[in-house]
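Undergrad: Can you read through this structure? Questions will come right after.
The values are calculated or read from the model by the stated rules, or taken from the named source; none is laboratory data. Note that this is a predicted model, so its numbers are computed, not measured. Cβ placement follows ideal geometry from the backbone for every residue including glycine, while neighbour counts extend to all protein chains displayed. Surface accessibility is based on the protein's heavy atoms, side chains included, excluding ligands, DNA and RNA. Shrake-Rupley method; radii C 1.70, N 1.55, O 1.52, S 1.80 Å.
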Amino acid sequence: MGQPIVQVDAFTERPFAGNPAAVCILPAARDEGWMQDVAREMNLSETAFLHPRGDDWELRWFTPACEVDLCGHATLASAHLLWEDGRMAPDAEARFHTRSGLLTARRDGAWITMNFPAKPEEETAASPELARALGAAPLYVGRSHFDCLVEVESEAEVRGLRPDFTLLRGVAARGIIVTSRSETPGVDFVSRFFAPRVGVDEDPVTGSAHCCLAPYWARRLGRAELVGFQASARGGTVRVRADGDRVHLGGQAVTVMRGELVG
């Protein structure tokens with residue numbers, strides 16, 4: 001038998017939306033080179049690899065270009081698959097040991113809520129190069145542990161961005177989060193996420209970006225519990241709750257494809 005691999009659309013309740021992640025549940029650890037080759041072959045923004053660690057799981061994430069320190073949608077996809085395949089009881093907590101420490105997930109009806117580290121931003125100067133790369137005038141620019149956060153004037157501006165990815169590769173950050181208040185009923189803020197520096201020009205729905213967006217918009221709007229929508233072509237909804245140095249991220253997921261690796 002080959003190694004099973006599953007594709008899951010995360011942060012969506014329907015197939016072919018949200019953010020696709022490949023998930024490999026391994027019997028034991030595999031070498032880094034093999035995992036990177038698989039991620040390159042899958043050519044998705046993230047491929048997750050997990051294997052048992054007692055009652056918990058070791059979890060790593062790879063883009064087609066490199067390993068990353070934190071990924072929300074591939075963690076959501078992994079937790080979804082563990083419950084869907086009966087590897088965990090429905091009321092059990094999924095516990096993942098990662099490069100960003102212990103991450104947990106619990107089922108909440110059709111939703112899964114994950115407990116992630118907060119990655120708040122600090123204000124920084126807006127460079128002319130960043131505005132030129134985005135083709136937009138920032139209202140605010142901040143830097144988090146991973147990313148550059150840019151607030152712009154409106155949801156329409158977020159949705160209409162056509163960045164110059166060659167210029168964006170010169171920004172010294174994992175990615176660039178562009179956000180604004182939402183004009184859509186039931187949604188508090190919108191965003192898009194660009195990460196050409198790590199091999200992903202635009203990520204459809206980025207859970208880890210919401211580790212920065214949640215404390216930012218909680219502070220701006222005066223509420224801890226918010227709903228975000230990532231306005232990529234595929235689109236996806238992320239429920240967030242800012243909780244001190246942690247962020248709770250809620251999303252749905254659906255399995256779209258199952259297969260096996262023969263190499």
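Undergrad: Among the residues of the range 93-109, count how many are loosely packed, with under 14 Cβ neighbours inside 10 Å and at pLDDT 95 or above.
TA: 3
Undergrad: Give me the residue from the range 110-130 that is assigned to a loop (DSSP other than H, G, I, E, B) and over 21 Å from residue 237 (Cα atoms) and, out of that set, most open to solvent (accessible area, probe 1.4 Å).
TA: Looking at the filtered set, the residue picked out is 125.
Undergrad: Next question. Which count do you get for residues in the range 7-48 that are assigned to a strand (DSSP E or B), of a type outside the set (Asp, Glu) and open to solvent by 10 Å² or more (accessible area, probe 1.4 Å)?
TA: 3
Undergrad: Is it the case, given these coordinates, that residue 201 is within 15 Å of residue 114 (Cα to Cα), modelled with pLDDT of 95 or more and surrounded by fewer than 20 Cβ atoms within 10 Å (Cβ to Cβ)?
TA: No.
Undergrad: Restricting attention to the range 90-103, and to residues there that are touching a Ser or Thr at 6+ places or on another chain (Cβ under 9 Å) and not in a loop (DSSP other than H, G, I, E, B), which single residue is nearest to residue 79 (Cα to Cα)?
TA: Ranking the qualifying residues of the range 90-103, first place goes to 94.
Undergrad: Let me ask something else about it. Which members of the range 71-92 meet the condition of being open to solvent by 10 Å² or more (accessible area, probe 1.4 Å), free of Cβ contacts under 8 Å to residues at least 60 places away in the same chain and either closer than 10 Å to residue 23 by Cβ or small (Gly, Ala, Ser) (or both)?
TA: 86, 89, 92
Undergrad: Out of curiosity, is residue 231 more than 26 Å from residue 102 (Cβ to Cβ), touching a helix residue (DSSP H, G or I) at 6+ places or on another chain (Cβ under 8 Å) and not polar (S, T, N, Q)?
TA: Against the criterion (more than 26 Å from residue 102 (Cβ to Cβ), touching a helix residue (DSSP H, G or I) at 6+ places or on another chain (Cβ under 8 Å) and not polar (S, T, N, Q)), residue 231 qualifies.
Undergrad: Does any residue of the range 49-68 turn out to be under 18 Å from residue 113 (Cα atoms), within 20 Å of the chain's Cα centre (by Cα) and not basic (Lys, Arg)?
TA: Scanning the range 49-68 turns up at least one residue that is under 18 Å from residue 113 (Cα atoms), within 20 Å of the chain's Cα centre (by Cα) and not basic (Lys, Arg).
Undergrad: Follow-up question, since we're still on this one. Please determine whether any residue of the range 53-64 is over 28 Å from residue 237 (Cα atoms), modelled with pLDDT of 95 or more, open to solvent by less than 20 Å² (accessible area, probe 1.4 Å) and in contact with a His (Cβ under 9 Å, 6 or more places away or on another chain).
TA: no
Undergrad: Mind listing whichever residues of the range 161-171 are without any contact (Cβ under 8 Å) to a residue 40 or more places away in the chain and in contact with a Lys or Arg (Cβ under 8 Å, 6 or more places away or on another chain)?
TA: Residues satisfying the conditions are 161, 164, 167, 168, 169.
Undergrad: Sticking with this structure for a sec: Can you name the condition, by its number, that residue 167 falls short on among (1) open to solvent by less than 30 Å² (accessible area, probe 1.4 Å); (2) in contact with a helix residue (DSSP H, G or I) (Cβ under 6 Å, 6 or more places away or on another chain); (3) over 27 Å from residue 224 (Cα atoms); (4) not in a loop (DSSP other than H, G, I, E, B)?
TA: The one condition residue 167 does not meet is (1).
Undergrad: A further question follows. List the number of the failed condition for residue 241; all other conditions in (1) assigned to a loop (DSSP other than H, G, I, E, B); (2) of a type in the set (D, E, K, R); (3) farther than 28 Å from residue 37 by Cβ hold.
TA: Answer for residue 241: the failing condition is (1).
Undergrad: Just checking, which of 133, 156 is open to solvent by 60 Å² or more (accessible area, probe 1.4 Å), at pLDDT 95 or above, outside any loop (DSSP other than H, G, I, E, B) and of a type outside the set (D, E, K, R)? Talk me through it step by step, then tell me what you get.
TA: Details: 133 fails: open to solvent by 60 Å² or more (accessible area, probe 1.4 Å).
The conditions single out 156.
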